[in-house]
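The values are calculated or read from the model by the stated rules, or taken from the named source; none is laboratory data. Owing to the predicted nature of the structure, the values given are computational and were not obtained by experimental measurement. Positions of Cβ are generated from backbone atoms using ideal geometry, with glycine treated the same way; all protein chains shown enter the neighbour counts. Only protein heavy atoms, including side chains, enter the accessible area calculation; ligands, DNA and RNA are left aside. Shrake-Rupley method; radii C 1.70, N 1.55, O 1.52, S 1.80 Å.
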Amino acid sequence: MSVDSDNAAADPCHIHVSFTSPPVELDYQDDRDVADRFAAAMARSGATVTIDEDLGRDLPLLPCRRLWL
């Protein structure tokens, strides 16, 4: 993962996002604080967000992460 001020993940975690209609599942990585803020906002939209430490894959950073800083 490249590191710069806008894309760095200081405390990296895996973010799994599930939508039921339509059924879509997405996986990202980002900083734990960003992930927590994103999960809280997505809960209001009906999506399920799971945050864990499973960074075994080359996961992309959360899109539009600046919204959750």
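Rolling a 1.4 Å probe over the protein heavy atoms of region 9-68, with every protein chain left in place, gives an accessible area that is 54 percent carbon and sulfur.
In the chain, a dipole from Cβ-located charges (positive for Lys and Arg, negative for Asp and Glu) runs towards its positive end, and of V34, T48, H16 it is T48 whose Cα lies farthest in that direction. Sequence-ordered 3J(HN,Hα) estimates for region 32-48 from the Karplus curve with 6.51, -1.76 and 1.60 and θ = phi - 60° stand at 4, 5, 4, 4, 5, 5, 4, 4, 5, 5, 5, 4, 5, 9, x, 7, 9 Hz, glycine and proline given as x. Of all beta bridges that DSSP places with both ends in the chain, some 95 percent have antiparallel geometry.
Extents of the chain, largest first, come to 35, 24, 17 Å (Cα atoms, principal axes, whole angstrom). Across the chain, the mean sequence separation of Cα contacts (distance under 8 Å, 6 or more residues apart), normalised by length, yields a relative contact order of 36 percent. The T50 and A10 beta-carbon pair, evaluated with R₀ = 35 Å, returns a calculated FRET efficiency of approximately 0.95.
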